[in-house]
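Presented below is the structure to which this report refers.
The values are calculated or read from the model by the stated rules, or taken from the named source; none is laboratory data. All figures in this text were calculated on a predicted structure; none of them were measured in a lab. A quick note on method: Cβ atoms are made from the backbone with ideal geometry, for glycine too, and the neighbour counts reach across all protein chains shown. Accessible surface areas use protein heavy atoms only, side chains included; no ligands, DNA or RNA. Shrake-Rupley method; radii C 1.70, N 1.55, O 1.52, S 1.80 Å.
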Amino acid sequence: DKAGLIAYYNSKGYRDAVITDDSVYLYNNKSVNIDLQVEPGQRYYFRDVIWTGNYVYQDITLDNVLGINKGDVYDLELVNKKLNYNPQGTDISSLYMDNGYLFFSVNPVEVRIEEDSIDLEMRIYEGAQAKISKVMISGNDRTSDHVILRELRTLPGDYFSRAELIRTQRELSQLG
């Protein structure tokens, strides 16, 4: 719970928040009191986001997908969600992985902290595009293989696509 409390403060821009004191004591026969002393520190904001290593997509495209503007409250958890997995929409990883870049990775690095502002550098490794070589079916004893093959969205020769792989998995699970 302490880690969750610190994560909450971090999500509100207080990246230096620490718990300075804690105590647990009996209140009555059925309850205890928990006292936590939190020192939030200074509140931080995003300043500049710099992209390095990106050749496939331009900075403006990546900025639009990331959706973080200068002056927004600093939240590294939100940044990681928008880089790697955003259930509410597109994220940077899906942008690349749906275009065949299976080995893509991005690492956010704080490069400058001045007063209440932080500059982030997004270090991207795109890697080579990956194509699907083979699709093998195993462990199937309910459905004919040709029915499964008919449902596949990821076929040999196609570029890897995380979205199509997830869609194929979902459609196959509906077959039972």
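Fully extended, how many nm does the chain gain between Ala128 and Arg142 (0.36 nm per residue separation, minus their Cα-Cα distance)?
Working: separation 14, 0.36 × 14 = 5.04 nm, distance 3.71 nm.
Going from the current span to full extension adds 1.3 nm.
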Magnitude of the charge dipole, segment 110-174, Cβ model with Lys/Arg +1 and Asp/Glu -1, debye to 20: 740 debye
Probe 1.4 Å - accessible area at Tyr14, Å² to nearest ten: 60 Å²
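Leaving ligands, DNA and RNA out of it, report the carbon-plus-sulfur percent of the accessible area of the chain at a 1.4 Å probe.
Looking at the chain in its full context, I get 48 percent from C and S.
Leu5 to Asn69: FRET efficiency via 1/(1 + (r/R0)^6), r the Cβ-Cβ distance, R0 41 Å, to the nearest 0.05? The partial results should precede the final answer.
Values: r = 27 Å, r/R0 = 0.67.
Given R0 = 41 Å and the Cβ-Cβ separation, E is 0.90.
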Inter-label distance for Tyr85 and Val24, nm, one decimal - labels placed 7 Å from Cα along Cα-to-Cβ: 3.0 nm
Residue among Thr154, Thr90, Thr61 with the largest mean-square fluctuation in a Gaussian network model of the chain, springs linking Cα atoms under 10 Å: Thr61
9 Å beta-carbon shell around Ser117, net charge (K/R +1, D/E -1): -2
Farthest positive-ward along segment 1-140 dipole, Cα basis, beta-carbon charges - from Ile113, Pro40, Ala3: Ala3
Net +/- balance of residues flanking Glu151 in space, Cβ distance below 14 Å, scoring K and R +1, D and E -1: +2
Which label in (1) 10.7; (2) 16.1; (3) 13.5 gives the computed mean projected area of the Cα convex hull in nm²: (2)
Helix-only CD estimate at 222 nm, as mean residue ellipticity for the chain, using -39500 (n - 2.57) per DSSP H run (n ≥ 4): -8500 deg cm²/dmol
Environment charge at Tyr57 (Cβ cut-off 11 Å; Lys +1, Arg +1, Asp -1, Glu -1): -3
Per residue, in Å², the accessible surface of segment 26-107 once ligands and nucleic acids are set aside, probe 1.4 Å: 61 Å²
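Tell me the per residue accessible area of segment 122-176 using a 1.4 Å probe; a whole number in Å² is fine.
Working: 4020 Å² over 55 residues.
For segment 122-176, the per-residue accessible area is 73 Å².
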Extension gain from Gln58 to Glu77, taking 0.36 nm per residue of separation minus the Cα-Cα distance: 4.5 nm
Heavy-atom SASA rank of Ser31, Ser138 (probe 1.4 Å, accessible area, largest first): Ser138, Ser31
Val73 - accessible surface, heavy atoms, 1.4 Å probe, Å² rounded to 10: 50 Å²
